[in-house]
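The values are calculated or read from the model by the stated rules, or taken from the named source; none is laboratory data. None of the values given here were measured: they were computed from a predicted structure. Note that each Cβ is placed from the backbone with ideal geometry, even for glycine, and that neighbours are counted across all protein chains shown. Surface accessibility is based on the protein's heavy atoms, side chains included, excluding ligands, DNA and RNA. Shrake-Rupley method; radii C 1.70, N 1.55, O 1.52, S 1.80 Å.
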Amino acid sequence: MTLPKILVSACLLGRPVRYDGAAKTLHDTLLDRWISEGRVVSVCPEVMAGLPTPRPPAEIAGGASGAAVIERAGRIVEAGGNDVTEAYLAGARIALEHAVRHDCRHALLTDGSPSCGGSFIYDGSFEGRRIAGEGVTAALLRQQGIAVFSPAEISALAAALDG
Ligand code: SF4
């Protein structure tokens, strides 16, 4: 029987793809096991959309969430004010394509990101203020029935995979 695959943020896998050129490596025995089992599908929505690394930090404007951006009722802007909504939406769609191609029903995504955030994001002020919400990739995946977990929820992800 083929083990179900898991979509995982590339920065959690040690890839230096974050806006600041760093990784956000997740050291966890569960993730290590899934990698060794060949179950991990790595995605970085922002890089796959053609954005450079490093790149300016971006947040969803006005305290909106990823679902609002998908509905064109919100936008994503860089710290300098440049509107990058279309690129971030393109990245979300590419990530979804990868999930569908590999039949991923679960995702482990970096929290806080305007793309990958699953439980919190930043409020658009660029002052480090967290709000409950999700990024555009997390929102799009959930709309398509893919369960999104943050690194803090990795035990729940393991239980869901076993369920
Ligand atoms: Fe990591 Fe997602 Fe940001 Fe890419 S878009 S650097 S995978 S949090």
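So how much slack lies between Glu97 and Glu71, counting 0.36 nm per residue of separation and subtracting their Cα-Cα distance, in nm?
Computed gain between Glu97 and Glu71 is 7.5 nm.
Measuring nothing but how far apart in sequence close Cα pairs (under 8 Å, 6+ apart) lie, relative to its length, the chain scores a relative contact order of 23 percent. Shown here for segment 83-163: GluC sites (Glu not before Pro) in loop regions (DSSP other than H, G, I, E, B) with at most 16 other Cβ atoms within 10 Å, namely Glu127.
Rounded to the nearest 500 deg cm²/dmol, what is the calculated helix-only ellipticity per residue at 222 nm for the chain, with -39500 (n - 2.57) per DSSP H run of length n ≥ 4?
Helix-only estimate at 222 nm: -8500 deg cm²/dmol.
Only Lys, Arg, Asp and Glu carry charge here, each on its Cβ (+1 for the first two, -1 for the last two); on that basis the chain has a dipole of about 240 debye about its Cα centre. Separation of segment 76-102 and segment 28-70, taken as the distance between their Cα centroids, equals 9 angstrom. Among the protein heavy atoms, those of His98 account for about 40 Å² of accessible surface (1.4 Å probe, every chain in place).
Computed from label points 7 Å out along Cα-Cβ, the spacing between Ala22 and Phe120 is 1.6 nm. GNM on the chain, alpha-carbon springs under 10 angstrom: the most fluctuating residue among Thr25, Thr110, Thr137 is Thr25.
Using the Kyte-Doolittle scale, which helices in the chain average at least -1.0 and also have C-alpha atoms spread 18 Å or more along the helix axis, with helices defined as whole DSSP H runs? Length and hydropathy pass: 85-101. Note on the chain: Cα-Cα pairs beyond 20 Å make up 45% of the total pair count.
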